[in-house]
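Everything on this sheet refers to the single structure shown next.
The values are calculated or read from the model by the stated rules, or taken from the named source; none is laboratory data. Bear in mind the structure is a predicted one, so any value in this text is a computation, not a measurement. Don't worry about glycine lacking a Cβ; one is built from the backbone with ideal geometry, like all the others, and counts go over all protein chains shown.
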């Protein structure tokens, strides 16, 4: 795999540490939170593209890079449309979060560790922006009710966490 600015790598794990000390998470929510906390600062994000259930319980979550897949235009090509873009570049990264009853928890199994794109800052990953908005939702709503402008709310959030992946327009859209 070739990574711009880094060079040729045979394996993703050569330049990124494992996501957690413990390879088994007690719950799916804990696993996803830990993985997102790991992937964001390292320049990529995971999204789930399929969930497998048995008897209404989730047993597997299939994950891929947020830049995986290929762009499919959903617009009639006869009509002109401006500014259509996509983050999808066909990234082959593929992993599965599996629930093991014997271990009593969730384990990450990476099926393909390759990425075909460079690293990006956390603010460019929509899945990380959504997670950060959910985390700070109550705090943002209280400040909106006080009548604060979104730029002032954003300034307060940045004081607490300078690396927060939220933009001012995220706050405006949440109102």
Answer with yes or no whether residue 172 is over 15 Å from the mean Cα position of the chain (by Cα) and either within 22 Å of residue 66 (Cα to Cα) or in contact (Cβ under 8 Å) with a residue 40 or more places away in the chain (or both).
no
Name the residues in the stretch 64-97 that are at pLDDT 85 or above and touching a helix residue (DSSP H, G or I) at 6+ places or on another chain (Cβ under 8 Å), would you?
93, 97
Across (1) within 16 Å of the chain's Cα centre (by Cα); (2) not in a helix (DSSP H, G or I), residue 109 clears everything bar (1)
Exactly one condition in (1) in the same structural domain as residue 70 (by TED's automatic domain parsing); (2) out of contact with any helix residue (DSSP H, G or I) (no Cβ under 8 Å at 6 or more places or on another chain); (3) not in a loop (DSSP other than H, G, I, E, B) is not met by residue 103; state its number.
(3)
